[in-house]
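What follows is one structure encoded as structure tokens, with my remarks underneath.
Readers should treat all values here as calculations from the given coordinates under stated rules, not as data from a laboratory. Quantities reported herein were computed from a predicted structural model and do not represent experimental measurements. Positions of Cβ are generated from backbone atoms using ideal geometry, with glycine treated the same way; all protein chains shown enter the neighbour counts.
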Amino acid sequence: MNTIKENNWLYTISPKKRAINLNFKEIWNYRDLLFLFVKRDVITQYKQTILGPLWYLAQPLFTTVIFTLVFNNIASIDTGDGIPSFLFNLAGITSWNYFSACLSGTSDTFKANQGIFGKVYFPRVITPLSVVVSNLLKFGIQLLVFISFYFYFVYFTDAASLARPVIVILLLPIVILIMALIGLGFGMALSSMTTKYRDLSYLVGFGVQLLMYGSAVMYPLSLIKEKVEHGVLPKLVGSLIEYNPMTITIELFRHMTLGVGEFSLTKFLYALVVSIFIFLLGLILFNKTEKSFIDTV
């Protein structure tokens, strides 16, 4: 009599999944693929360029110089407390670049990877996760550039009285996590919607630029509060900027490193909760779209 052996399958691929489904065990099993995608994103992006990885340094430095000339020298925006305007802007751009790179890089996940998704199975969420991880490496390089300029201004200029990093710098990993969750959540949501509404893909770059101006990247939040108090800005606009989670994280990053800006535990927790909500919303849309996107993309 033949005995029937039960097959112990490693994975069960099914279109029926929970709305919020982030299978950490499966992602861990595919960690080699995750690292391969990270390597691809880092190496191939500037593979045929002359400067190569130096673009990681050139982009924030050029942007900082332009912001300093336009907003501080021409528009006379005061950074306050004797903080060099170049260092003030570099802090804002360094933190903003990580969020914007995560958002832009994940906003076309389905469209950019439709060839791979249609041929072989792997956890689709690995693709946007690889973008977040690869951009974390770029953020680390740009953070080192910021630290280098910080020590330059402290020891080789008249900004020797520049404030030292405060104790809340221990929260830096959580601040980075907040930026990653917001960028990943918005990116997955946009990627899901662009499978049907292609117009959104053209609005991503434009929308990111507009959002930058509403996130206190090139000006202190205290300036917005002052404009609201004097009636120059409507109170609604001031509130939208003040409670923008990216404004809170950028202000906190400056407070950690330069000792300027304000730190509010309430706002910090608010930004953390909002980032988790945005990520979960993006994950729900992403999981829902991956079941049938191949028919519409």
- Which cross-chain or sequence-distant (5 or more) residues have an amide H under 5 Å from the amide H of residue 233, H modelled 1.01 Å from N in plane? 228
- Where does each of 178-189, 61-72 land if you order them by average Cβ count within 10 Å, highest first? 178-189, 61-72
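Considering all projection directions equally, how large on average is the shadow of the alpha-carbon convex hull of the range 173-221, in square nanometres?
Over every viewing direction, the Cα hull of the range 173-221 projects on average to 4.0 nm².
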- Message: Which entries of 119/196; 196/225; 138/235; 235/267; 111/235; 138/227 have Cα-Cα distances beyond 29 Å here?
- Response: 196/225; 138/235; 111/235; 138/227
- Item | Kirkwood-based shape ratio for the range 24-295, expressed as Rg/Rh from alpha carbons | 0.99
